[in-house]
Amino acid sequence: MNTLTTGQIHTPTFDIAIVGAGLAGSLCAHLLSQLGQSVCVIDKSRGSGGRASSKKLEGDISCDLGTPYIVAKHPDTLDLFKQLTKEHVAAPWKQLSKAGSQAFVGVPKMSAITRHWVQNASLITSTRIHHLDQITQQDDDQPNWLLRDDKYQPVVIAQKIIIAAPAPQAASILSSHEKLAVLLLRANQASTSYQSQWAMWLETESCDLNALIEPKNSPIKRMIKDNYKPMRHSEKVDRWVIHTDSNWTKQHLDSDKEWITQTLLQAFAEITEHRILKHSEPHRWFFSRFAENKGNNPFAWSPEHNVGLIGDWLCQGDAEGALLSAMSLINHIKDSK
């Protein structure tokens, strides 16, 4: 067991440390802050959002290269987005809403949602958590956790840890401490079922094609008119985000980016019959989507070690599942007091 005494270590201390500032981690931080907990959120990227992050293009123009919208069906997520809509952080995308479900986007971009939720927590970015140590601090009988980065430098100390990262990344962190073997097994089981995806944006002249197109028998899974989303810039061009089919991606995961680019541009042009004015390099979402790793709960929690797991891979395998997972764990923690 890695038990240390931190008499001389000047490392910030929190009630709860959350690893991952995507939808699940950010919502967790928001709910815990409302309960009066001191919360730190740590993410390896330069900001919050995770797979719901936004790509800045020029000036104040951006596009949502990852999660394009969130479909809410559950009463709890519908209530959550009603509140976000009142706060002008999200808006319903009525064109994509159906009977029994509503589509929502962040405004003015998807990452606005996670930025809103982490505003009352301490956010540490560009930091990859790599190692966990249990420590005993002076005048404290209860062991705490020391989170270290990939250079083995101390980042924060916390009483509880919530890992809100894709299953393979969660497994990598959990494997650093032998006491977390049960949680590690759950993460390892889910790590076999992830899907990857290429994504890129491109521009065409303004046209009357639908805001969402889902082609059949194509490398492209879906094409979204990003500028058609509520509260977006109305411009003289249409800005599209395209996501690739998961099976096609699996075959071409390590292909040359230039070949990926030309293949997707050709597929888009054949489907839409529109000339492409401008385009980006493709971005590879390595852990784009997971099949749900079903258990008794849409989260995992080790009460004896104060470590938990949340994410889409524990509930439904989609963006709404990530939110339900976070809410379920917080309710469990509240009920256990």
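The values are calculated or read from the model by the stated rules, or taken from the named source; none is laboratory data. Predicted model only: the values in this text are computed from it and were never measured. Here the Cβ is made from the backbone with ideal geometry for all residues, glycine too, and neighbour counts use every protein chain on show. Note: accessible area is taken over every heavy atom of the protein model, side chains too, but ligands, DNA and RNA are not part of it. Shrake-Rupley method; radii C 1.70, N 1.55, O 1.52, S 1.80 Å.
Computed values, structure above
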item: Subset tally (residues that are open to solvent by 40 Å² or more (accessible area, probe 1.4 Å) and part of a strand (DSSP E or B)) for the range 217-231; result: 2
item: Residue in the range 117-124 that is in contact with a helix residue (DSSP H, G or I) (Cβ under 7 Å, 6 or more places away or on another chain), open to solvent by 50 Å² or more (accessible area, probe 1.4 Å) and outside any strand (DSSP E or B) present; result: yes
item: Hits in the range 101-116 (condition: touching a strand residue (DSSP E or B) at 6+ places or on another chain (Cβ under 7 Å) and either open to solvent by 30 Å² or more (accessible area, probe 1.4 Å) or in a helix (DSSP H, G or I) (or both)); result: Gln102, Lys109, Ala112, Ile113
item: Gln169 over 30 Å from Gln262 (Cβ atoms) and in contact (Cβ under 8 Å) with a residue 40 or more places away in the chain; result: yes
item: Matching residues in the range 158-199 - criterion: being open to solvent by less than 70 Å² (accessible area, probe 1.4 Å), part of a strand (DSSP E or B) and not polar (S, T, N, Q); result: Ala158, Lys160, Ile161, Ile162, Ile163, Trp198, Ala199
item: Residues satisfying the stated conditions in the range 305-317, i.e. at pLDDT 95 or above and not hydrophobic (A, V, I, L, M, F, W, C); result: His305, Asn306, Gly308, Gly311, Asp312
item: So Glu214, is it surrounded by fewer than 17 Cβ atoms within 10 Å (Cβ to Cβ), touching a Lys or Arg at 6+ places or on another chain (Cβ under 7 Å) and among the acidic types (Asp, Glu); result: yes
item: Test for Tyr152: is it at positive phi and open to solvent by 10 Å² or more (accessible area, probe 1.4 Å); result: yes
item: Residue in the range 4-20 that is assigned to a loop (DSSP other than H, G, I, E, B), farther than 30 Å from Gln142 by Cα and either aliphatic (A, V, I, L, M) or touching a residue at least 12 places away in the same chain (Cβ under 8 Å) (or both) present; result: no
item: Count of residues meeting criterion [part of a loop (DSSP other than H, G, I, E, B) and open to solvent by less than 70 Å² (accessible area, probe 1.4 Å)] in the range 125-147; result: 5
item: Out of Ala17, Ala24, Ala29, sole residue that is touching a Cys at 6+ places or on another chain (Cβ under 8 Å), buried (at least 23 other Cβ atoms within 10 Å of the Cβ) and closer than 30 Å to Ile135 by Cα; result: Ala17
item: Tabulated pairs, the range 101-117, first at pLDDT 95 or above, second assigned to a strand (DSSP E or B) and open to solvent by 20 Å² or more (accessible area, probe 1.4 Å), C-beta under 6 angstrom, 6+ apart or interchain; result: Gln102/Pro92; Ala103/Val71; Phe104/Pro92
